[in-house]
1. Compute the distance in nm between two label points, each set 7 Å from the Cα along the Cα-to-Cβ direction, one at Glu102 and one at Asn283.
2. Before rounding to the nearest 500, sum -39500 (n - 2.57) across all DSSP H runs of length at least 4 in the chain and divide by the residue total; then give [θ] at 222 nm in deg cm²/dmol.
3. Starting from 0.36 nm per residue, how many nanometres of slack lie between Asp150 and Ser341 once their C-alpha separation is accounted for?
4. Need one number: nm distance between label points at Arg260 and Glu313, each 7 Å from Cα along Cα→Cβ, rounded to one decimal.
5. How large is Rg over Rh for the chain, taking Rg from the Cα atoms and Rh as the Kirkwood inverse mean of 1/r across Cα pairs?
6. In degrees between 0 and 90, to the nearest 10, how far off the longest principal axis of the chain does helix 353-367 point, with axes built from Cα atoms?
7. Please express the shape of the range 223-368 as an equivalent ellipsoid: the semi-axes are the square roots of 5 times the eigenvalues of the C-alpha gyration tensor, given largest first in whole angstrom.
8. Post the alpha-carbon centroid distance, the range 140-156 to the range 229-255, in whole angstrom.
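A short reminder: the numbers here are calculations on the coordinates, not readings from a lab. All figures in this text were calculated on a predicted structure; none of them were measured in a lab. Positions of Cβ are generated from backbone atoms using ideal geometry, with glycine treated the same way; all protein chains shown enter the neighbour counts.
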Amino acid sequence: MSIALKTLCSENDNVFRLTLKAGHSGVRNTVSWVYMLEDDSIIPYFHGSELAVTSGIRAGSDPDWLGRLVRLLYERGAAGLVVNTGKYVFRIPADVAELCDELGFPLLTMPWEIHMTEMIQTFCTRIIQDRHESVLLDKALADALKRTGDPERNRQVLGSHYDPDGSFTVILIHTNRTSEDIWRPEGREYVFINSLRRFKTMNSMSGSKFGVIELDGDQVMVANNVERSKMPELIRIILDVYRDAVENKALFLGVGTEVRGIENIGGSFQRATVAMRMALYKNVPFIRFEEMGFYKILFSVRDEEVLYSYADELLSPLDTEGASKGDYVEFLREYIKNDRSLEHTAEALYLHRNTVNYRLQKLRALLDSPLKTAEDLFPFEVALMIRDIREHTK
């Protein structure tokens with residue numbers, strides 16, 4: 001949980017008389033801190049989601065300064081800009097307002113007689129208070145996901161933000177630690193949350209809630225009361241926020257199943273973890289648990305040695321047949337892949353049909369199986385899957 005710009009502005013009956021002039025679609029942006037800004041020299045040090053406040057003193061000598069400032073702040077992922085009007089800036093130029101509307105970047109004004117320092121101090125105090133509440137909420141969410149702690153206590157704490165009786169879907173976001181810039185760039189969490197808030201606003205999803213926490217080195221997103229039809233768009237948002245990791249083939253998402261009730265969120269998290277493991281195995285950006293087919297079972301087994309011993313037990317007779325006698329493991333794989341067709345297996349392996357027939361007879365003897373039906377081949381197909389998974393894990 002984090003505080004939104006709209007919330008800060010509306011609290012205490014808008015005592016600072018803030019007026020939203022442009023960029024209305026970004027009014028739910030998260031605010032991480034508030035800074036006084038009279039030039040653009042410190043903007044490169046912004047991490048994301050900062051709210052900038054300026055008197056506009058530079059605008060008097062440079063009419064284009066305000067527009068450039070908006071662009072720079074937007075590029076750094078700032079939450080918005082407050083202009084103290086009445087001395088240096090008397091009105092917001094039309095082109096600047098149009099730019100903010102185009103970017104969805106909130107631009108607010110505050111009368112000159114309101115002290116900027118008082119507003120900044122009040123807002124920052126409120127942000128600190130919100131962070132304390134977020135720690136408690138994140139701890140309860142982590143306990144619910146991992147099925148630890150007191151369920152009743154978790155439900156009570158989480159009920160302040162989520163609909164505990166609603167639907168929940170968990171998405172696990174894993175990023176390979178190949179680069180610190182890819183792994184955890186500063187401010188990514190705020191950019192992520194801001195994107196989710198804009199998603200809610202644009203789709204009129206007032207009853208939907210989102211949560212993003214770090215858990216065991218990964219990011220976990222919880223979607224509460226989000227229609228299934230919206231999930232593809234939600235995944236696109238994640239891929240966009242982690243665009244650098246996607247481009248480096250370092251991002252892997254696992255999408256869990258939808259469950260009802262906060263008490264069952266651990267099940268969705270567990271399935272999201274299974275799906276993420278398969279995304280790693282397949283080297284694809286995301287996989288939904290519901291689409292995993294038989295792999296659901298393989299990746300859900302926690303004791304991997306049980307799987308490996310099963311595969312070795314079935315395929316070990318082929319391991320004793322060296323390369324000089326033919327690669328019988330590869331032959332079995334192609335025979336299964338080509339649905340027991342001798343002709344297609346011969347084409348795939350560039351072998352004569354007679355050679356394929358000879359090897360098939362040898363294979364049947366080694367495996368002590370007729371290998372004639374799909375039922376005959378199924379155990380060996382599973383064994384090959386397991387070996388592929390083990391090889392990938394290595």
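1. 4.1 nm
2. -15500 deg cm²/dmol
3. Length gained between Asp150 and Ser341: 63.0 nm.
4. Each label point lies 7 Å from its Cα, and together they span 4.0 nm.
5. Across the chain, the Cα-based Rg/Rh ratio is 1.15.
6. 90 degrees
7. 41, 19, 14
8. Between the Cα centre of the range 140-156 and that of the range 229-255, the gap is 27 Å.
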